[in-house]
Amino acid sequence: MPPTTPPSHDRVHSEEFLHTLMRRQLSLSITCAAAFLVGLIGLPLLNYFEPALMATRVAGFTLSWLLLGVLCFPLVWTISYFFIRRSIWLEDDEVRQEQENQRGN
């Protein structure tokens, strides 16, 4: 079966549409990666620069171990949840904008 090309009026499947969507998703990916890196690099930096604070006991754990062992996973889950929800929203928004443009023409 030969590959089919979308009709010229079908911008949703065009290279321009995909390029715009991929650029917006790249921005989202960089934002999520930066949030993760802040958490990943922040803990060792806090241990180095604020050892007394990180040695504070909270619920039987030092603050360092509480952040590492308990709060690390919710941080990753929150970033993942935000990424997925925002990525879906970006795709839906691009399609909605294109549909509005087609109705306007």
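The values are calculated or read from the model by the stated rules, or taken from the named source; none is laboratory data. Small disclaimer: the values here were computed from a predicted structure and weren't measured. Neighbour counts are summed over all protein chains in view; Cβ atoms, including those assigned to glycine, are modelled from backbone coordinates with ideal geometry.
Structure data summary
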item	result
Residues located in region 63-105, provided they are modelled with pLDDT under 90 and in contact with a strand residue (DSSP E or B) (Cβ under 9 Å, 6 or more places away or on another chain)	Gly69, Val70
Cross-chain or 6+ apart pairs with Cβ under 8 Å, region 29-50 first and farther than 17 Å from Trp77 by Cα, then of a type in the set (Gly, Ala, Ser)	Leu43/Ser64; Leu46/Ser64; Asn47/Ser64
Among residues of region 63-88, those that are of a type outside the set (A, V, I, L, M, F, W, C), surrounded by 15 or more Cβ atoms within 10 Å (Cβ to Cβ) and closer than 28 Å to Phe49 by Cβ, counted	1
Enumeration of residues in region 66-105 that are under 19 Å from His19 (Cβ atoms) and of a type in the set (D, E, K, R)	Arg86, Glu91, Asp92, Asp93, Glu94, Arg96, Glu98
Test: residue in region 86-98 that is under 15 Å from Ala35 (Cβ atoms) and either in contact with a helix residue (DSSP H, G or I) (Cβ under 8 Å, 6 or more places away or on another chain) or assigned to a helix (DSSP H, G or I) (or both)	yes
Leading residue by the ranking (surrounded by the fewest Cβ atoms within 10 Å (Cβ to Cβ)) among those in region 1-59 that are at pLDDT 85 or above and assigned to a loop (DSSP other than H, G, I, E, B)	Ala59
